[in-house]
Structures are given as C-alpha cells and as structure tokens.
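Read-outs: derived from the displayed coordinates by stated rules, not from any lab. Remember, predicted model here, so these are calculated numbers, not experimental data. Here the Cβ is made from the backbone with ideal geometry for all residues, glycine too, and neighbour counts use every protein chain on show.
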Amino acid sequence: MPDLGNKTILIADDEEIICKPLRMFFEKKGFFALTAFDGEEAYKILQSAKVDVMLADLKMPKLSGLELIKKAKESIPHLPIVILSGGGSIEDATFTIKSGAFDYIQKPIENMDELERVINRAIERGELEKQQEILQRNLREKTQKLEEKIIEVNKAKEQVEKQSFYLQQALEMIEDQNIKMEEDLKSAQRIQEDLLPKELPNGEHFSFASKYIPSGKVGGDMFDAFFDPTYKINLYIADVAGHGVGAAMVTVFLKKTITPFEQYTDRNTTPKEILSLLNQELIKASFGRMLFVTMLYATFNPLSKQFTYASAGHPPFILKSPGKEPVMLRTDGMSLGWKKDPNFIENTITLEKKDRLIFFTDGLVDAMDRNTNNPYGMDKVLATVNNEKYHDLPPDDLINDILADIKKECDIKDDVSILALSI
C-alpha cells in the first residue's frame, strides 16, 4: 500500500455535485485533492501540478474523458486514470481501458470504499510502472555502456591480437637470429680452438704441456710454442679482453701476425721487440682500446737453458725449482693496443734441471671460491703449485691435478689457458 499522505488526486467532472463530495471523501482519506470541471481545465492542471492519480468523467465539455486520456498519456505516460461514467456499456468500459485507463467505474458510485481501493490500486500500478521504467532505463543505460565496453574490449582484443601476431613474428625472428648466432658462436669457438697448437715442442731435456678450458663463450685466450730457425723455442700466452666475436677476431689477427715469426725470426729479435711489433700491428688494425691484449712472450735456448721474457700487462708466471718455494716472475709493460710506443721490459733467467715454469691466463686466478665468493687469487695458486704431491709429476698430470684441485673449491667463469715448461 503506498503512502497516501503525500498523494495528489485530480477529480475531473463537469458536475459539482459529484466533484465536491469526492473531494471531501479523499481529503478525509489523506489525499491532496484537486478538482476540474471540464477536460481542458483538467489537462492544464496535469501540466502544472504533480498528480499521482486522476479520476475523470467520461463525458465532459471541451475535452472528453477519452481525449483527456490520450493527451495525458502522451505527456505523463504512467499517470493512472480511473474513468467515471453514468449509463455506459461494457463496450465503453473495454474501449476506455484499452485507451489507457486503469479502471472503469459507473455512476452513481454505490461503494466509496471500493472506489478508494480502486484508486489505491491505480496508484500502486502507476508507481510500479514508474519503477519499471526507471529500471528499464537503467538497464538500457547499463546495456549501452556494456555494449560500448564490449566494443572497446573487442577493439582492444583486435589490437592485442595484432600485437600478439607482430610479437610472435618478432619472437620467431629473434629465435631464428639466436639460432644463427649460436651457430656463428660455435663456428667461432671451433676457429678459436683451431688456433691452439695441436702439438708442442718436446726434446731430450725439456717438455711442454698445455690445457685450455673454454668458458662456453667465444673468448680471447691463445698460446703456442715453436722452434725458430736458430733452434730457440719461442713461446707466448695471450688474453684478449672480453668475450664475443670481437675478441675472437683479435685472436685470429694475432695468430696471423705471429705465424711469420716461426719462419723469419732471426737471432737478434728479442721478446720485447716482438711485443713492440705486435703492438704496432694492433694499433694499425684499429680494433679500439676496448679490445686490448695482455701477452707474455719468451724465448728459451735449450742448450744454454737461458729463458728471456717480456710481458705486456699479462699476469706473472711461476717458477718452481726443486726444494724451493715457487716464485712469481713478471716484468712491467702496458697491454698491447693501448699506446703507440710502449716501453716493454725484458728479463733473462737461467733454468736448472727439474725447474718448472707455469704460465696461465687470468681466468685461473679469477675463479670464484664457492664458500667466500672471492677470487681464488695468486697466493692460492702458489700454494697449490707448492704442494709436495706435484713435485715429481709429468707436466700434463701437473696441470690436470692443479686444475682439479681448483675446481673442487671454485667455479671457473672465464676461459683458462695453462702452459707448462719442464726442464
């Protein structure tokens, strides 16, 4: 039941004898009652006041009840209208309701309580229709917004599908490039490994051993030992800074540059002079300072046992003599490729029977200790070499056992090259 205290009823009838009692009745029932004595006046009231229900006579001057229904419904679609008529037929009642009236009551009104019930039901119907319209309007608005969202989502979906398509193409392209790059890297690794010596010089009173451990990337380690025309042995070990194809290209260049020395080095060419020649060639090649090279170059005379060496920024090498502590040997010198005319220092030592020289690249000392996360370091390398169990081992076993000991404690992250000479 609606709250009738705030409801307004419009009573439209051209007979005051009908309007007045009805007005008094509904006012007693809590309605705010308005009256009109013809259809035109009733329509004007509907346009100017808020009316919750209208009770109208079917036959009125200026504007009939049916005409009033039609006009009222055009401007106030959910206004409940109850028609009063004296002497009307069932056909009239049916036509009136079809025209938009809520109900049809014949005059004279015999049961006012029944009229009140009809008016209340009409108000309820009007309220329900208003609520239904509000719900439908909200539903339409939400449906429209949903449809707009669906359109936006579909557009976004199309964009995502396009982007996904392009991304998939890009990923496939990257994957193809990665495959080609891996193939190129493997080729570069094979080329780099081919630069390493297949066989090292060995004689009655000396022997060489070597080991190369790649890091899995293309790096810049290289070493070799060879006889020159004077029967001296030339040996070198080098490390190009960094990894990748650039570093590998420098190793190829160095190998190509050094190779002629095997045939044309004369008696008077010294290690520091060779380093100077290599440095000049690197400067000419314009690889840039980001690809500098550390190198140790030496000559060994098997007859005189004289060992002459010079270093271009390379890590020191180790001399281990029987019954003595191992010694680090180094010379000052700038890395190759940095400066046009660096000053390389040269030293000469005379080796004794059972002396051992161990040369290596910095991947060995830079191996990371798993417990401390610190580099293995030169001191530990010296301590390992000084271990008694290595004193009488052949050079190959010496290198393999030293590496095995280091691998127990450390992860080797960089290329490692080791070259050993035993007298």
### Query
Which order results if Lys180, Lys380 are arranged by neighbouring Cβ count within 10 Å, fewest first?
Lys180, Lys380
### Message
For the chain, what are Rg and Dmax over the alpha carbons, in angstrom?
### Response
53.9, 151
### Message
Can you tell me what share of the DSSP beta bridges in the chain is antiparallel? A percent to the nearest 5 is fine.
### Response
70
#### Entry: Farthest toward positive dipole pole in the chain [+1 Lys/Arg, -1 Asp/Glu at C-beta], among Cys19, Phe317, Asn400
Phe317
### Message
Need one number: nm distance between label points at Ser207 and Phe95, each 7 Å from Cα along Cα→Cβ, rounded to one decimal.
### Response
13.1
### Query
What FRET efficiency do you get for Lys29 and Gln159 if R0 is 60 Å and r is their Cβ-Cβ distance, rounded to the nearest 0.05?
0.40
### Query
Where nothing but the Cβ of Lys and Arg (+1) and of Asp and Glu (-1) is charged, how large is the charge dipole of the range 4-134 around its Cα centre, in debye to the nearest 20?
300
### Task
At a Cα cut-off below 20 Å, give the aspartates and glutamates reachable from Lys149, other chains included and same-chain residues fewer than 8 away excluded.
Glu141, Glu158, Glu161
### Message
Please compute the modelled spin-label separation between Ile349 and Met112, points set 7 Å along Cα→Cβ, answer in nm with one decimal.
### Response
13.3
#### Entry: Additional length obtainable on full extension of the chain from Asn374 to Ser48, 0.36 nm per residue less Cα span
108.1 nm
### Query
For the range 105-239, what log10 I(q)/I(0) values come out of the Debye formula at q = 0.10, 0.14, 0.20, 0.21 1/Å, with one point per alpha carbon and no solvent?
-0.73, -0.91, -1.16, -1.20
### Query
Can you list the lysines whose alpha carbon is less than 21 Å from that of Lys20, not counting same-chain residues fewer than 8 positions off?
Lys7, Lys28, Lys29, Lys44, Lys50, Lys59, Lys62, Lys107
### Query
Which of the aspartates and glutamates could a cross-linker bridge to Lys354, judged by Cα under 12 Å and excluding same-chain residues fewer than eight apart?
Asp392
### Likely footprinting exposure, Arg370, Arg23, fewest C-beta neighbours within 10 Å first
Arg370, Arg23
#### Entry: 16 Å reach of a label modelled at Asp401, 7 Å along Cα-to-Cβ, counting backbone N of the range 318-362
320-324, 326, 355-358
### Query
To the nearest 20 debye, what is the magnitude of the charge dipole of the chain about its Cα centre, counting +1 on the Cβ of each Lys and Arg and -1 on the Cβ of each Asp and Glu?
680
### Summary
The extension gain from Gln136 to Ile76, computed as 0.36 nm times the residue separation minus the Cα-Cα distance, is 19.9 nm
### Task
Counting other Cβ atoms within 10 Å, keep those with at most 15, restrict to DSSP loop, and tell me which GluC sites (Glu not before Pro) in the range 19-127 are left.
Glu110
### Message
At a 10 Å Cβ-Cβ cut-off, how would you order Met60, Met249, Met173, Met222, fewest neighbours first?
### Response
Met173, Met249, Met60, Met222
### Summary
Between Phe292 and residues 5 or more places away or on another chain, the pairs with built amide H atoms under 5 Å apart involve Ala241
